[in-house]
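Colleague: Starting off with a structure, shown below.
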Amino acid sequence: MDEAGTSCSSLEPRAAAARELLLAALEDLSQEQLKRFRHKLRDAPMDGRSIPWGRLERADAMDLAEQLTHFYGPEPALDVARKTLKRADVRDVAARLKAQRQQRLGPSSSALLSVAEYKKKYREHVLRQHAKVKERNARSVKINKRFTKLLIAPETAALEEAPLGLAEEPEPERARRSDTHTFNRLFQRDQEGQRPLTVVLQGPAGIGKTMAAKKILYDWAAGKLYQGQVDFAFFMPCHELLELSGTRSLADLILDQCPDRGAPVRQMLAQPQRLLFILDGADELPATGTAEAAPCTDPFEATSGTRVLGGLLSKALLPSARLLVTTRTAAPGRLQGRLCSPQCAEVRGFSDKDKKKYFYKFFQDEWRAERAYRFVKENETLYGLCFVPFVCWIVCTVLRQQLDLGQDLSRTSKTTTSVYLLFIASVLSSTGADGSWVQRELRKLCLLAREGVLRRKAQFTEKDLEKLELRGSKVQTLFLCKKEMPGVLQTEVIFRFIDQSFQEFFAALSYMLQEEGAPGAPTGSVGSLLRTDTELSGHLALTTRFLFGLLSTERIRDIEHHFGCVVPERVKEDALRWVQGQGCPRTASEGTEDTEELEEEIEEPNIPLELLYCLYETQEDAFVRQALSSLPELALERVRLSRMDLEVLSYCVRCCPAGQALRLVNIGLAAAQEKKKKKSLVKRLQGSRASTKQLLGSPLRPLCEAMTDQQCGLSSLTLSYCKLPDVICRDLSEALKVAPALTDLGLLHNRVSEAGLRMLSEGLAWPQCRVQTLRVQLSGLPGALQYLVGMLRQSPALTTLDLSGCQLSDPTVTYMCAVLQHPSCSLQTLSLASVELSELAQQELKAVKTAKPDLVIIHSEL
């Protein structure tokens, strides 16, 4: 038998000993004593449960031992037997069993507790263990004092990538602040009365998923969450479990979290529907499809952390237990094959109100907090980044150091990458070390980070640090956290970066420090990182994004200034070549009759949103324009765009080179955030009686504004299978009036109102509008097309109108023929392919062709 077959849980030796002790005690009983024992066992249930009398009535000593062990678990069965023996007045055997138990298994007062009694002890233990959290600088603070509420919004279709219209988020999907009520709602029943057993909290790195998960555990222990539903909750950091040496069972992992080894684990696991497992960082699990990743099905099987976690996620292990899973936004697709009917929620970070609260909690001194907060709020870009709690912490840390030293706060930077870079530079400068020391130590740290990222390794041993001469160094104490982990033979010391995102940042920085011939310089090109296979692309997403952020001329100058390193020119050249190689044009059918057929043909977007994030992070217009020059079309399909996503897309559109095309298919948008202004009582009363409803800004406004930038070279915009509410049509109409390069507009199979179509027509008829080709496919609203037809008399630039597939009534065709013959109409091509025309309509169009021979009308009957 191989090692896998012979391996067993560390619980098994104790279980076997407990069974032997139990059987020996019961075999010491006479037949009369055994009869009394059976009756007392029936009449005094333990923890509200008892073995059915049918199994006890004729059971001998061996049968009783087996029934007790199976029903209560080996060690709890000893406690049940001892108490029952005392009630059956067999006190000598009960005393002997107690003494033998202490001799064989050691004293374990908690083992005498029932599950009901152990609940209280475990909750108290959790409250003690999680009352404080360590900040990244290793300072411990109370969780209730530091935790700032986050915005959490349900995303029921996030993992399935269900098609979403281009519209504001519906009211039921609005983000809620992460208070006790919101946490309780995570596992609430749906409209069909079904309660989800798996809830996924997703969001970008540093958004506060782990802190929210720990707060949920703490609030559960404090009696605020899931009362009457969850008896035991366990917090399981996936990155630690995946790197544990040796094999462990789920029962072992549960025991590790209990205050002692005498927890009634078998009884806990006997009611899995009363358990909650919080799996933090599930995106770190390897992809499915390998033998190693085959899920575990037995909670007492000793195996790898990957199989135990895989079993929980897939519901192969304890299918009725509740799971709360945290994952990065880019990773849910990798979990899709593992999860069973998940309920998803998006962690959106701080609201504006909560940003201010965080600053005051961090600084504690009101004057300093107000000064720092006012400075950040005036810096619009930096203020926007602070919706991510970890970035907010970095910004506050840097500002506190600058205030302590009396420095100019304006040094604080504007992008995520630049904020990280400034933080690291500030921390290193506080050591007072010389430049050569900084270069040498920083290169070692970056090499450790890179090796870890490429090998999917987040924990490092003392040997790993010794190999790079980092153990005990200053950078170790500044950027690495030390933790003792229980090992097989002895305690194992492991090190982690103060946050996973820091490891990814240092890994990216390593490629900027590859000075040829420098001692300790990391090896390996940027191209090798960027060309890593697709299985690792999600894992390397943040590292790649940081790398691009470091490529800007300003960041390179900062690196050379702070660290005294010369960044090789080839790094930026390699990254540019990689981006330019991403253009793999493909076309999706835009003439499909319904959305369902379209979805079957859509695969992955040819230009990933993550690539646009990389370009955005550079904040270098010339580089972005050059990179996009080889990508003639940006296409995003079936994606829900957050406000940050839209900011990224808008920036890239603003930097578009001449001739760029943008195609948005089945896109969803988060609602535009409007500042609520308090009204006087008089105005509120007036508004309640009668007032003209004013349109607020649409979520598409940032993109529309980008299109009007004089540097924007976007020449083609296509919106397909989207909802176009009036607010979006209004903003799009304004953009059409002044967009400097837009010459092609496609509106295909969108849902648009008559009022919205009228607004779009006004924009197209504007004297400065440069649209030359208009492609429209509408289902319904045949009368509304008159607005588009009417603008033909006023539009100076429009030369091609494609109405293929539209429904044209006879009155609309009559009106269109009159407009086409108007002297001011400059249309050269009219496409009516697949349009059903009556005999009258065909005759009228033939008359137009006769009157205007230069006008090309495309139709099979003309």
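The values are calculated or read from the model by the stated rules, or taken from the named source; none is laboratory data. What you see is a predicted model, and the numbers here were worked out from it, not measured in a lab. Every residue, glycine as well, gets a Cβ built from its backbone with ideal geometry; the counts of neighbours run over all protein chains shown. Only protein heavy atoms, including side chains, enter the accessible area calculation; ligands, DNA and RNA are left aside. Shrake-Rupley method; radii C 1.70, N 1.55, O 1.52, S 1.80 Å.
Colleague: For a quick check of your reading: which strands (runs of 3 or more DSSP E) sit entirely within segment 170-280 and have at least 2 residues that are farther than 29 Å from residue 73 by Cα and open to solvent by less than 10 Å² (accessible area, probe 1.4 Å)?
Modeller: By residue number, 198-203.
Colleague: I'd like the residue in segment 333-349 that is open to solvent by 50 Å² or more (accessible area, probe 1.4 Å) and of a type in the set (Gly, Ala, Ser) and, out of all such residues, is modelled with the lowest pLDDT.
Modeller: Restricting attention to segment 333-349, the residues satisfying the condition of being open to solvent by 50 Å² or more (accessible area, probe 1.4 Å) are 333-334, 336-337, 340-341, 343.
Pick out the ones that are also of a type in the set (Gly, Ala, Ser) and you get 333, 337, 341.
Numbers: 333: 53, 337: 60, 341: 76.
Among residues in segment 333-349 that are open to solvent by 50 Å² or more (accessible area, probe 1.4 Å) and of a type in the set (Gly, Ala, Ser), the one modelled with the lowest pLDDT is 333.
Colleague: If you don't mind, another one. Condition (residue is within 28 Å of the chain's Cα centre (by Cα), closer than 21 Å to residue 418 by Cα and at pLDDT 50 or above) applied to segment 655-677: is it met by at least one residue?
Modeller: Among the residues of segment 655-677, at least one is within 28 Å of the chain's Cα centre (by Cα), closer than 21 Å to residue 418 by Cα and at pLDDT 50 or above, which makes the answer yes.
Colleague: If residue 412 passes every condition in (1) surrounded by 22 or more Cβ atoms within 10 Å (Cβ to Cβ); (2) modelled with pLDDT of 85 or more but one, which one does it miss?
Modeller: (2)
Colleague: Can you find a residue in segment 590-609 that is part of a helix (DSSP H, G or I), at pLDDT below 90, open to solvent by less than 10 Å² (accessible area, probe 1.4 Å) and closer than 24 Å to residue 631 by Cα?
Modeller: Yes, segment 590-609 contains a residue that is part of a helix (DSSP H, G or I), at pLDDT below 90, open to solvent by less than 10 Å² (accessible area, probe 1.4 Å) and closer than 24 Å to residue 631 by Cα.
Colleague: Scan segment 421-442 and report the pairs whose first residue is surrounded by 14 or more Cβ atoms within 10 Å (Cβ to Cβ) and whose second residue is assigned to a helix (DSSP H, G or I) and acidic (Asp, Glu), with Cβ atoms within less than 9 Å and a gap of 6+ or a chain change.
Modeller: Hits for this filter: 421/558; 422/558; 425/558; 428/441; 433/441.
Colleague: Looking at segment 420-441, is at least one residue within 30 Å of residue 245 (Cβ to Cβ) and out of contact with any Gly (no Cβ under 8 Å at 6 or more places or on another chain)? If you could, list the steps in order and put the result at the bottom.
Modeller: Pass one, segment 420-441, residues within 30 Å of residue 245 (Cβ to Cβ): 441.
Then keep just the ones that are out of contact with any Gly (no Cβ under 8 Å at 6 or more places or on another chain); that gives 441.
Scanning segment 420-441, I find at least one residue that is within 30 Å of residue 245 (Cβ to Cβ) and out of contact with any Gly (no Cβ under 8 Å at 6 or more places or on another chain), so the answer is yes.
Colleague: Something else: Condition test on residue 281, is it free of Cβ contacts under 8 Å to residues at least 40 places away in the same chain and either acidic (Asp, Glu) or under 17 Å from residue 322 (Cα atoms) (or both)?
Modeller: Values: free of Cβ contacts under 8 Å to residues at least 40 places away in the same chain: no; either acidic (Asp, Glu) or under 17 Å from residue 322 (Cα atoms) (or both): yes.
The answer is no for residue 281.
Per-residue answers, yes or no, for (1) within 30 Å of residue 630 (Cα to Cα); (2) not in a helix (DSSP H, G or I):
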position: 730; (1), (2): no, no
position: 737; (1), (2): yes, no
position: 757; (1), (2): no, no
position: 761; (1), (2): no, no
position: 767; (1), (2): no, yes
position: 776; (1), (2): yes, yes
position: 789; (1), (2): no, no
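Colleague: Related question: Go through (1) open to solvent by 40 Å² or more (accessible area, probe 1.4 Å); (2) in a loop (DSSP other than H, G, I, E, B); (3) modelled with pLDDT under 90 for residue 293 and report which single condition fails.
Modeller: If we test residue 293 against (1) open to solvent by 40 Å² or more (accessible area, probe 1.4 Å); (2) in a loop (DSSP other than H, G, I, E, B); (3) modelled with pLDDT under 90, just (1) comes out false.
Colleague: Follow-up question, since we're still on this one. Would you please name the residue that is surrounded by the most Cβ atoms within 10 Å (Cβ to Cβ), looking only at residues in segment 452-474 that are free of Cβ contacts under 8 Å to residues at least 40 places away in the same chain and assigned to a helix (DSSP H, G or I)?
Modeller: 465
Colleague: Something else about it: For segment 516-527, indicate whether the set of residues that are under 26 Å from the mean Cα position of the chain (by Cα), surrounded by fewer than 21 Cβ atoms within 10 Å (Cβ to Cβ) and either assigned to a helix (DSSP H, G or I) or at pLDDT below 90 (or both) is non-empty.
Modeller: No; the residues of segment 516-527 include none that is under 26 Å from the mean Cα position of the chain (by Cα), surrounded by fewer than 21 Cβ atoms within 10 Å (Cβ to Cβ) and either assigned to a helix (DSSP H, G or I) or at pLDDT below 90 (or both).
Colleague: What are the pairs, 6+ residues apart or on separate chains, where a residue within segment 229-252 that is under 15 Å from residue 326 (Cα atoms) has its Cβ under 6 Å from a residue that is part of a loop (DSSP other than H, G, I, E, B) and of a type in the set (Gly, Ala, Ser)?
Modeller: From residues that are under 15 Å from residue 326 (Cα atoms), the pairs are 238/281; 239/281; 239/458.
Colleague: Next up: Give me the residue from segment 99-108 that is at pLDDT below 75 and open to solvent by less than 90 Å² (accessible area, probe 1.4 Å) and, out of that set, farthest from residue 218 (Cα to Cα). So that I can check it myself, show each step before the final result.
Modeller: Start the filter on segment 99-108 by keeping residues that are at pLDDT below 75, which leaves 106-108.
Within this subset, residues satisfying the condition of being open to solvent by less than 90 Å² (accessible area, probe 1.4 Å) are 106, 108.
Numbers: 106: 31, 108: 26 Å.
Checking each candidate, the answer is 106.
Colleague: Restricted to segment 819-862, and to residues that are open to solvent by 50 Å² or more (accessible area, probe 1.4 Å) and among the polar types (S, T, N, Q), which residue is nearest to residue 807 (Cα to Cα)?
Modeller: Restricting to residues being open to solvent by 50 Å² or more (accessible area, probe 1.4 Å) and among the polar types (S, T, N, Q), the top hit is 834.
Colleague: Looking only at residues that are assigned to a strand (DSSP E or B) and within 21 Å of residue 765 (Cβ to Cβ) in segment 698-728, which one is modelled with the lowest pLDDT?
Modeller: As a first pass, look at segment 698-728 and keep what is assigned to a strand (DSSP E or B): 714-720, 723-724.
Then drop every residue that is not within 21 Å of residue 765 (Cβ to Cβ), which leaves 714-719, 724.
Working: 714: 97, 715: 97, 716: 97, 717: 97, 718: 97, 719: 96, 724: 90.
Within segment 698-728, the match that is modelled with the lowest pLDDT is 724.
Colleague: Can you find even one residue in segment 316-329 that is closer than 30 Å to residue 151 by Cβ, in a loop (DSSP other than H, G, I, E, B) and at pLDDT below 90?
Modeller: yes
Colleague: Check off (1) farther than 27 Å from residue 665 by Cβ; (2) touching an Asp or Glu at 6+ places or on another chain (Cβ under 8 Å); (3) open to solvent by 50 Å² or more (accessible area, probe 1.4 Å) for residue 781 and give me the number that stays unchecked.
Modeller: Result: residue 781 passes all but (1).
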